[in-house]
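The values are calculated or read from the model by the stated rules, or taken from the named source; none is laboratory data. Because the structure is predicted, anything quoted here is derived from the model rather than measured. Cβ atoms come from the backbone with ideal geometry, glycine included; neighbour counts cover every protein chain shown.
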Amino acid sequence: MCGRWRSVIFASPRYLDLRLVCKSRTPVRSTLDVWPALPIGIQAHPVQKDGEDIIAALEHHDRVSWIELWGLTSSQLGRFTAAMQKPFPALTYLSLELYDDIAPVVTNAFLGGSSPRLRTVVLNGIPFPSLPKLLLTANDLVNLRIWNIPVTGYISPEVLATCLSALMRLRFLSIRFQSPRSFPDRTSQRPPPLTRFILPALTRLHFQGVSEYLEGLVARIEAPLLDDIIITFFNQLVFETPQLPQFIRRTEKLTLLTRAEVTFYPHSVGITLYASLGPARLGLQVSCNDSEWQISSMEQICIYFSPLLSRVERLEFHEGSFLRPEWQDDIDSMQWLELFDPFTSVQSLHVSEELEPVVAPALQELTGRRAAEVLPALRTILLEGLQQHESVQEVLKPFIAARQLSDNPVAVQRWYR
């Protein structure tokens, strides 16, 4: 009976996703001969110093279906990519992670320049400027993650957009550059094209880099099914993003976001918008430390995305961790009030305990007509530390009174998170 079952299983290795897993210490040359010619998976976290067993497994290039090598040194990466100059026709999953800061550039000959069955590609710190040429042959690609792109691995937004146009099944795209220095020319300032490539299956887009690069990319693509965008900009003092709001407005699911969270982290500030129903999410984050810089960054985001923010009905302000930034005493309250201006539909304002001492004084400045113009739809202020900070309630009294006089009353309640 065991023999019959073994024959059945070995007869359908691809249907059962059956593979022989070769790790860094697997005696490959003496082991593979014992087994039938099943697909091979190569997995090592990290790779042993010489990597001879990995090299031995890569020699069976026609059988390798899975490659996952993390913590590579530059010398190991050089050896393994040299052993992968032939076509790997069965390869569906490729994940390479570099440990060193400097690495040899992967050339056009990698994988024989063809990847017909690849479904997932994850490259972390790998300089591979000719990757788009390889991906043009990856008609089945679903998941593409290129992280910590060094300057030697730079791919222009024009070239990347052209490459993506051939990936009709791509669902998840994640692009993260190593630092602002990863952009050798800060991207060309060419006018946006008249026509755009359509990515019909893309649902998730994550990006980390400078705004100029993202602008060059989204000006060239459309993703009608997109429902999850996470963007992190490097610490740019000034950034312009006219193309990104237009790109988002062309995506139906991302125009129905009614809840917003503004979060101040130790080294960044971000706003995340959510849909009331469904998983749609839009996150915009800027890397910066100084509290005044964080406020200024959020002001710029509010300017460019005011049409989206005008639909928000619930607005939250809080800090992301106990390692909160040091708030400067000289921050003008008007800077906070400018953050409120785009939120014309907000009905409930939620403020965390840590931020109450800086948000409440800003609201105190609102008197007379101005009190009714800022957050005109506001009905409730929810304070996490309402019972602990009686002084905050006193600070809010002028604003509450002004709203009462303008026939736009606002109630103050405790926020239970």
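Couple of notes before you dig in:
- Top-ranked residue of segment 227-238 - restricted to ones that are of a type in the set (A, V, I, L, M, F, W, C) and in contact with a strand residue (DSSP E or B) (Cβ under 6 Å, 6 or more places away or on another chain), ranked as modelled with the lowest pLDDT: 234
Quick grid of which residues meet (1) crowded, with 20+ Cβ neighbours inside 10 Å; (2) within 24 Å of residue 262 (Cα to Cα):
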position	(1), (2)
194	no, no
199	yes, no
202	yes, no
207	yes, yes
224	no, no
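- Taking segment 50-109 as the range and being assigned to a helix (DSSP H, G or I) and among the β-branched types (Val, Ile, Thr) as the test, the residues that pass are 54, 55, 81.
- Count of segment 42-72 residues which are among the β-branched types (Val, Ile, Thr), over 12 Å from residue 88 (Cβ atoms) and under 33 Å from the mean Cα position of the chain (by Cα): 2
- Considering only residues in segment 25-54 that are hydrophobic (A, V, I, L, M, F, W, C) and crowded, with 20+ Cβ neighbours inside 10 Å, the one that is farthest from residue 14 (Cα to Cα) turns out to be 47.
- Residues being among the hydroxyl-bearing types (Ser, Thr, Tyr) and in contact with a helix residue (DSSP H, G or I) (Cβ under 9 Å, 6 or more places away or on another chain) - total across segment 67-115: 5
- Filter result (in contact with a strand residue (DSSP E or B) (Cβ under 6 Å, 6 or more places away or on another chain) and crowded, with 22+ Cβ neighbours inside 10 Å) within segment 55-64: 57, 64
Per-residue answers, yes or no, for (1) under 22 Å from the mean Cα position of the chain (by Cα); (2) touching a residue at least 12 places away in the same chain (Cβ under 8 Å); (3) surrounded by 21 or more Cβ atoms within 10 Å (Cβ to Cβ):
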{"site": "88", "(1), (2), (3)": "no, yes, yes"}
{"site": "103", "(1), (2), (3)": "no, yes, yes"}
{"site": "137", "(1), (2), (3)": "no, yes, no"}
{"site": "151", "(1), (2), (3)": "yes, yes, no"}
{"site": "167", "(1), (2), (3)": "yes, yes, yes"}
{"site": "179", "(1), (2), (3)": "yes, yes, no"}
